[in-house]
1. Hey, does the stretch 160-172 have a residue that's open to solvent by 20 Å² or more (accessible area, probe 1.4 Å), assigned by TED's automatic domain parsing to the domain that holds residue 27, more than 12 Å from the ligand (Cβ to nearest atom) and among the hydroxyl-bearing types (Ser, Thr, Tyr)?
2. For the stretch 65-72, state whether one or more residues are within 11 Å of the ligand (Cβ to nearest atom) and either touching a strand residue (DSSP E or B) at 6+ places or on another chain (Cβ under 7 Å) or at pLDDT below 95 (or both).
3. Filter the stretch 136-150 for residues that are out of contact with any Ser or Thr (no Cβ under 9 Å at 6 or more places or on another chain) and near the ligand (Cβ under 6 Å from one of its atoms) and give the result.
4. Please report, ordered by residue number, the helices (runs of 4 or more DSSP H) entirely within the stretch 401-475 with at least 1 residues that are touching a residue at least 40 places away in the same chain (Cβ under 8 Å) and open to solvent by less than 70 Å² (accessible area, probe 1.4 Å).
5. Is there any pair linking a residue in the stretch 190-213 that is at pLDDT 95 or above to one that is aromatic (Phe, Trp, Tyr), with Cβ under 7 Å and at least six apart or on different chains, and which?
6. Name the residues in the stretch 16-36 that are of a type in the set (A, V, I, L, M) and assigned to a helix (DSSP H, G or I), would you?
7. All but one of (1) within 12 Å of the ligand (Cβ to nearest atom); (2) out of contact with any strand residue (DSSP E or B) (no Cβ under 6 Å at 6 or more places or on another chain); (3) of a type in the set (A, V, I, L, M); (4) farther than 10 Å from residue 218 by Cβ hold for residue 190, so report the exception by its number.
8. Among 5, 82, which is the only one that is away from the ligand (no atom under 16 Å from the Cβ), part of a loop (DSSP other than H, G, I, E, B) and aliphatic (A, V, I, L, M)?
Amino acid sequence: MDSPVPPDVALLDRFAAIVGDRYAVRDRDDISPYITERRGLWHGKTPLVLRPGSVEEISAILKLATETRTPVVPQGGNTGLVGGQVPDASGSEILLSLSRLNRIREIDPLSNTVTAEAGVILENLHKAADEVDRLFPLSLGSQGSAQIGGNLSSNAGGTGVLAYGNARELCLGVEVVLPTGEIFDDLRKLKKDNTGYDLKNLFVGAEGTLGVITAAVLKLVPKPKGREVAWVGLESPRAALELFGLASDRAGGSLTAFELIAEMPLSFAEKHAPGTIRPLADKWPWYVLMEISSGRSAEDARDLAEHILSEGLEAGLAGDVVIAANLAQGAAFWAIREALSDTQRPEGASIKHDISVPVASIPEFIERAGKAVEAVSAGARVACFGHLGDGNLHYNVSQPVGGDAEAFLALYRPMNKVVHDIVRDLDGSISAEHGIGQLKRDELLATAPPTAIDLMRRVKAAFDPAGIMNPGKVI
Ligand SMILES: Cc1cc2nc3c(=O)[nH]c(=O)nc-3n(C[C@H](O)[C@H](O)[C@H](O)COP(=O)(O)OP(=O)(O)OC[C@H]3O[C@@H](n4cnc5c(N)ncnc54)[C@H](O)[C@@H]3O)c2cc1C
């Protein structure tokens, strides 16, 4: 796009007229929650937030945006971690909030599908599925605010990916408004459909750079009849990997979570998340949070979990284990897992990585990255946790105790570089589930194969010739 110029009042009025004054937010205080990301890491500027109530209004907005070359930033629950949903600082971009498009259009338990609008909050979709004895298995720490359109646009992962797949794998069809204002209606419930290019999958994970997702058909699964949650203490990531192999082998699809947690982030949670009780009395260098689900019964899940864990103990992989005695204790184990991210903040500055490597390379990655981090910042504290079963770790590094936050954050790039170099060496990804947004755009452009970048640019130009959709994000 040409250098950004803030839209004049007459143009803002034309946009506002599409949704009506009530849903065109211009007051600075009212705009404020939309232009700052929740952790306060990303700030932007916009003269106008539009809150359309229908697909037709979105179509009219994007048509006008393309005609007038006005950049548009779509926003769902504003929980994204890479700055994709925040406008830039020029004040030339208008923000499109999807929160009023929040209807569940249909639930079809026989087809195991739900058709939901983009602004449906993930937790509300969970409740709707539960009411028809089904499960929508996308599960994130942000599910009380994150919306379906945001989940799909960022191809969210979370703790259910191991058994059920990420947002992309849970999506059967989409309805999208293209930058030109055309409506692409592909809301189909088909598990099998080989009719040409898979267009929906271009929009999933596009972070709002190709169009606005307005609704989707999502997969539901039968609700498990029994669930067991166990907490395991172990000596090393290698032992955790071997335990994962054992658990996958014995449980197959019944292994619904296998999360790895180092002692460091657990100690942060114990200190800063009120009410946290360590599941095991003794400290171990590493822990695994394992969940087994059964479609048959609670007893079946219990038997399977006990079987796996006693084999793990006998083989010397697990050091100590506890199976949650009841649902409340299981929820308490999960609450510890969900607290790991936020409880890093009181420990000072942190440098984050959302990486994936082949599952078998997790121990090597952790060993090599630990040494590399220490070489960049002696005494930095690695708060590593994540979805071992998906090969995805949140490899976060907190500043040394008593260190200077600013001096530590000045190491963001060198720290990212050493960690990401190891990731690349292991054929991994520098963004496993959070996306590219603003945060990793330059690194993506600098390190992805040129052919991949060229193809992405050509796709972008084909869908968005005027370059109005979320410019400066992803590519
Ligand atoms: C506490 C916490 C825990 C989290 N845990 C996880 C996790 O386990 N796994 C994970 O993957 N992520 C996680 N996240 C990140 C985040 O919650 C997810 O990326 C989520 O899917 C974003 O949804 P959202 O509605 O908030 O989207 P937003 O943040 O509003 O937007 C995200 C991106 O999608 C675009 N977008 C939003 N809606 C649309 C639409 N309708 N059409 C087109 N583009 C759109 C935006 O422009 C932006 O680029 C976590 C975040 C927090 C704060």
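The values are calculated or read from the model by the stated rules, or taken from the named source; none is laboratory data. Just so you know, these numbers come straight off a predicted model, no measurement behind them. In this analysis, Cβ positions are derived from the backbone assuming ideal geometry, glycine residues included, and neighbour counts consider all displayed protein chains. All accessible areas refer to the heavy atoms of the entire protein, side chains included, with ligands and DNA or RNA removed. Shrake-Rupley method; radii C 1.70, N 1.55, O 1.52, S 1.80 Å.
1. Within the stretch 160-172 (the criterion being open to solvent by 20 Å² or more (accessible area, probe 1.4 Å), assigned by TED's automatic domain parsing to the domain that holds residue 27, more than 12 Å from the ligand (Cβ to nearest atom) and among the hydroxyl-bearing types (Ser, Thr, Tyr)), the answer is no, since none of the residues qualifies.
2. Of all residues in the stretch 65-72, those within 11 Å of the ligand (Cβ to nearest atom) come to 72.
If we keep only those that are either touching a strand residue (DSSP E or B) at 6+ places or on another chain (Cβ under 7 Å) or at pLDDT below 95 (or both) as well, we get 72.
Checking the stretch 65-72: at least one residue is within 11 Å of the ligand (Cβ to nearest atom) and either touching a strand residue (DSSP E or B) at 6+ places or on another chain (Cβ under 7 Å) or at pLDDT below 95 (or both).
3. Of everything in the stretch 136-150, nothing turns out to be out of contact with any Ser or Thr (no Cβ under 9 Å at 6 or more places or on another chain) and near the ligand (Cβ under 6 Å from one of its atoms).
4. 405-409, 412-425, 450-463
5. 210/203; 210/463; 211/203; 211/463; 213/203
6. Here is the first cut: in the stretch 16-36, the residues of a type in the set (A, V, I, L, M) are 16-19, 24-25, 31, 35.
Residues satisfying the conditions are 16, 17, 18, 19, 31, 35.
7. Among (1) within 12 Å of the ligand (Cβ to nearest atom); (2) out of contact with any strand residue (DSSP E or B) (no Cβ under 6 Å at 6 or more places or on another chain); (3) of a type in the set (A, V, I, L, M); (4) farther than 10 Å from residue 218 by Cβ, residue 190 violates only (1).
8. 5
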